[in-house]
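The values are calculated or read from the model by the stated rules, or taken from the named source; none is laboratory data. Just so it is clear, the structure is predicted and the values come from calculations on it, not from any experiment. Neighbour counts run over all protein chains shown; Cβ positions are idealised from the backbone, glycine included. Protein only, heavy atoms only, side chains kept; ligands, DNA and RNA dropped before computing areas. Shrake-Rupley method; radii C 1.70, N 1.55, O 1.52, S 1.80 Å.
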Amino acid sequence: RTCTKKKCRATHRSLIMLNNNKQSTEQLEDCKSLLAQTEMFQKVPPTDLTAIANLMKYRVLAKNDVLLQQGESSDRLYLMKKGDVVRNHIDEETGREQTVEFAIKATSINSMRCISGGPIFATTKCITDECKVYELMRSDFLSLLKQKPDISIKIAEGLCEEIRSGSRKYATPFFQQQQQDVNIPAVTIAAGIESYYRSALNAMLNRRLTGVKAEWFPQMHIQVPTRIAYMCGLKWLRVQSDKHIHPDAYAYPQFVRLGAAFAPGILMTPVSSVLEASNAGHMNNESMTTRWMRGIVPRCGREIIFGIGLNQMSDYFEERLQPHVQSNVVANALGSLSAGVVSGYLSHVPHNLSTFKLLEPQRSYWELYKAFVDKSVPPAIDKMVKHWPSTTKTVTRTVFATLLPRGVMIRTVQIVGSFMLLNGTINYLHEREHKKIQQALGT
């Protein structure tokens, strides 16, 4: 939850009214201890820490109270005694909101920027039921530094010891990535291009699994619009989820995040089923109204993995790779590649089962899984376990078939390519549109 400057000032006023009493001896010692734990003050002598602690005020914040607002002047710093906060930064160039972690010792908030007085980098708010902090106003702090200039030297010594490359990093935890407004035209173009790539790889994979040759681009008049609807649906559902579902408002936020991440894949499974049915006409003569339901249960699991991979996982890897590359395009491509490898591998078994069920609907899932194992076990493994006891042989063959399934490389290449085409095209068109808006505004 963000707040306006007016609301933030109101929050600060309410905090100031909360406790105007002088700190107790216990609070003073507690404050000194927290100061000594931060990089900025770790070299400051105890007597000077006492002088700084005497300037600080004890505050208690409620959940969702805002401590700092991005863009405002840095007129204070905080030491965290109890509770937890989240820092959200909105990138001015892309408009993307990111959760920020700082490679400092976690007790201080805004300590670096408080010295310069520059704009606050990230909006910071309390996310636990209660946050207990000590507040130091910049004006009081600077007055003390003028009176005791030796403190400035000790602060500089402490900072020089801790400064290193990458001291600030974007590191949004998994399932907490935020999707900004979806660019439907960009997604449409990307999905239209990707649908041909996907169809060709599906034909290759089905041939690998069944041994039956199929058309490269069957029923594209159905596949292309359906794929566009599917991709737009995945992206749009994610945006709506991020806008209207607030996990921190619930007792178990991580379960809410997990459910929100699963939802797009589940809801778009029927659309994906129509796509799969379009590729199965060479072996399944049922009408499309019946055929699309075949294999829908494992397909749902596959779509959950695909949706998370395309949405949260791609962003997760991109954020962590971005500090190591100079180009946003390269970071986006590498993030999509990494997410594609993971998603392709994890989704391969449910994909195989859904494909087998679609092509041979008369057989049960158990029969299809046994057939999958028989087709997937490497000949070397079959030779190795040939004379083993029956139970041990079955378990070994099942494990190898599941961990190293037949056609896994084709499936992984398909997902990697799909992610790179989709995310790359969407990102490129989004950046072009953003630059046009900036030019139009004269920025």
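Descriptive notes on the structure:
- Top positive-direction residue, dipole computed over the chain with Cβ charges, set Val385, Leu201, Tyr428: Val385
- Segment 40-132 - percent relative contact order, Cα under 8 Å, separation 6 or more: 46 percent
- Of the solvent-accessible surface of segment 315-443, computed with a 1.4 Å probe and all protein chains present, 65% belongs to carbon and sulfur.
- Cross-link pairs exceeding 31 Å in C-alpha to C-alpha distance, out of Lys63/Lys148; Lys81/Lys154; Lys43/Lys81; Lys243/Lys435; Lys243/Lys436, comprise Lys63/Lys148.
- Projecting the Cα positions of His246, Phe141, Asn285 onto the charge dipole of the chain (unit charges on Cβ atoms of Lys, Arg, Asp and Glu, taken about the Cα centre) puts Asn285 furthest along the positive direction.
- Point-to-point label distance, Trp388-Ala36, nm (Cα→Cβ direction, 7 Å offset): 6.0 nm
- Loop-resident sites, segment 332-440, for chymotrypsin sites (Phe, Trp or Tyr not before Pro), counting at most 15 other Cβ within 10 Å (DSSP): none
- To put it simply, the accessible area of segment 28-123 at a 1.4 Å probe is 50 percent carbon and sulfur.
- With contacts taken as Cα pairs under 8 Å and at least 6 residues apart, the chain reaches a relative contact order of 14 percent.
- Probe 1.4 Å, accessible area per residue of the chain, Å²: 50 Å²
- Given 14 as the ceiling on other Cβ atoms within 10 Å, longest exposed-site-free region of the chain for GluC sites (Glu not before Pro) in DSSP loops: 216-443
- Label selected from (i) 22.1; (ii) 25.5; (iii) 22.8, the criterion being Kirkwood radius over Cα pairs in Å as computed here: (ii)
- Computed over segment 295-443, relative contact order equals 31 percent, with contacts defined as Cα pairs under 8 Å that lie 6+ residues apart.
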